[in-house]
């Protein structure tokens, strides 16, 4: 048991679970970063249509403990929504009881991703007197998304944000978007996502004949506009073929994007879909590429951009989300959203000039922004200011 440390209870709407090990991975990384300086436990509840009773999963992860409560939510139940809501609350009560029985009395609650999780933190504040902070990742507040709606949701979100001791969005653009929806709090602080340690490690780069462009995403076409990259690559390939485009990731539109690429009959090896890769494999591909290309229509945190910069690789990205907060003339190029002609022009330019970027400087500038140590220290200082 850690002593003389602030005890932090992490709650999250998204978190790695037995059905999806990648869900909310960035929240798990924040918990790991904080655990370097605080005593952390995570409580996560997950709806499960395949069970008839509550199931508990407890495990240690790195330097902190996780407790996941799976709760039944069969859709054939009468009054399904009410049944699911009741079980959701029961799951939190069960989990909180287990955690506190083991001599863990939280000094502060850290709620991740609004709205329901934040409301649980709000209830704990009024029930147990425990202060809370909120970290938000969700892009639904951004203009054009039209995903933040519903009177009850808006009223509850405003209540949660107004009563939080601090709100920690992962980018300046997300903060500003939240403020446009009157989600006011006197203590907004930007806290970046964490980049895994393996991205910081040095490796021997493999020799290759062609220049390599890398794209990594969740293959959500509405957000990532991967087809725009494919079209731009097709046009660029008519001018030069001294490069290859590597696409890593999977998602709802992966198959349709793959099939779309096949309609162009690219020369063999020019466009390669690799599917999902582990974080270690992603780091290796980044270090063995020449630059990253992102053509997103909207973003919030841009974790992939941060990972590329930590690897010392320049980035060509649309001017959305956190990209303008991270990218400057030292480490990349920003282009207009949806402008495929500009994308073609700058991909061509980057292929000729990626070696002009100082890889060591890019790495050094990024280290203090995205490491476990720096993010964990920042959040722990925020806790200390609240509790004392």
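The values are calculated or read from the model by the stated rules, or taken from the named source; none is laboratory data. Given the structure is predicted, the values throughout are model-derived calculations rather than measurements. Every residue, glycine as well, gets a Cβ built from its backbone with ideal geometry; the counts of neighbours run over all protein chains shown.
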Counting only residues that are farther than 19 Å from residue 133 by Cα and within 17 Å of the chain's Cα centre (by Cα), how many does region 26-66 have?
-> 0
Could you check, for region 102-112, whether at least one of its residues is at pLDDT below 95, under 30 Å from residue 49 (Cβ atoms) and touching a helix residue (DSSP H, G or I) at 6+ places or on another chain (Cβ under 6 Å)?
-> no
Among helices (runs of 4 or more DSSP H) entirely within region 291-388, at least 2 residues that are over 21 Å from the mean Cα position of the chain (by Cα) and closer than 18 Å to residue 198 by Cα occur in 359-370
Selection from region 84-93 of residues surrounded by fewer than 20 Cβ atoms within 10 Å (Cβ to Cβ) and within 18 Å of residue 8 (Cα to Cα) yields 93
Those helices (runs of 4 or more DSSP H) lying entirely in region 214-282 with at least 2 residues more than 22 Å from the chain's Cα centre (by Cα) = 226-237, 254-262
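What do you reckon, is residue 170 touching a strand residue (DSSP E or B) at 6+ places or on another chain (Cβ under 9 Å), buried (at least 22 other Cβ atoms within 10 Å of the Cβ) and not in a loop (DSSP other than H, G, I, E, B)? First the steps, then the outcome.
Working: touching a strand residue (DSSP E or B) at 6+ places or on another chain (Cβ under 9 Å): yes; buried (at least 22 other Cβ atoms within 10 Å of the Cβ): yes; not in a loop (DSSP other than H, G, I, E, B): no.
Criteria not met by residue 170.
Take residue 183 and tell me if it is more than 20 Å from the chain's Cα centre (by Cα), part of a loop (DSSP other than H, G, I, E, B) and modelled with pLDDT of 95 or more.
Working: more than 20 Å from the chain's Cα centre (by Cα): yes; part of a loop (DSSP other than H, G, I, E, B): yes; modelled with pLDDT of 95 or more: yes.
Answer is yes for this residue.
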Unique match (being closer than 30 Å to residue 347 by Cβ and at pLDDT below 90) among 200, 219 | 200
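Under the condition of being touching a residue at least 24 places away in the same chain (Cβ under 8 Å) and surrounded by fewer than 17 Cβ atoms within 10 Å (Cβ to Cβ), which residue from region 66-83 is nearest to residue 34 (Cα to Cα)?
The qualifying residue nearest to residue 34 (Cα to Cα) is 74.
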Report the residue count in region 144-167 for those that are loosely packed, with under 14 Cβ neighbours inside 10 Å and not in a helix (DSSP H, G or I).
-> 5
